[in-house]
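Have a look at the structure below, then the notes.
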Amino acid sequence: MKVKVRYFARIREILGTDSETVDMAPGCTLGELVKAIEGGHGISLADYPLFFSINHEYKQLGTILDEGDEVALLFPPSGG
């Protein structure tokens with residue numbers, strides 16, 4: 001199944017792209033997608049304080065993905 005992944009802030013700069021489509025097995029989890037991204041780009045995302053959203057809703061790594069989901073990797077909001 002295909003999942004669209006969008007990258008923001010520092011992760012976008014490191015990967016050199018703002019989005020990509022990743023092929024995953026049906027029924028995979030958000031955590032498995034993160035591992036696939038890490039392997040595909042040779043990066044450890046555990047080094048960054050990221051939040052993950054699926055279709056504009058914050059989700060945990062155990063969440064099951066569906067065909068066509070849009071996943072975003074986001075840094076925590078900050079401000080003052």
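Things to note:
- Options Glu20, Glu13: the member that is within 13 Å of the chain's Cα centre (by Cα) and among the acidic types (Asp, Glu): Glu20
- Residues that are under 16 Å from Phe75 (Cα atoms) and assigned to a helix (DSSP H, G or I), drawn from segment 15-47: Leu15, Val34, Leu45, Ala46, Asp47
- The residue pairs whose first member lies in segment 48-69 and is part of a loop (DSSP other than H, G, I, E, B), whose second member is of a type in the set (Ser, Thr, Tyr), and whose beta carbons are closer than 7 Å, counting only pairs six or more residues apart or on different chains, are Lys59/Ser53; Leu61/Thr29; Gly62/Thr29; Thr63/Thr29; Leu65/Thr29.
- Residue list for segment 26-47, filter: touching a residue at least 12 places away in the same chain (Cβ under 8 Å) and hydrophobic (A, V, I, L, M, F, W, C): Cys28, Leu30, Leu33, Val34, Ala36, Ile37, Ile43, Leu45
- Of all the numbered requirements in (1) among the aromatic types (Phe, Trp, Tyr); (2) modelled with pLDDT under 95; (3) touching a strand residue (DSSP E or B) at 6+ places or on another chain (Cβ under 6 Å), Tyr7 misses one, and that requirement is (2).
- All conditions in (1) surrounded by fewer than 14 Cβ atoms within 10 Å (Cβ to Cβ); (2) over 20 Å from Pro77 (Cβ atoms); (3) under 10 Å from the mean Cα position of the chain (by Cα) hold for Phe51, with the sole exception of (2).
The values are calculated or read from the model by the stated rules, or taken from the named source; none is laboratory data. Remember, predicted model here, so these are calculated numbers, not experimental data. Heads up, the Cβs are rebuilt from the backbone with ideal geometry, glycines too, and the neighbour counts pull from every protein chain shown.
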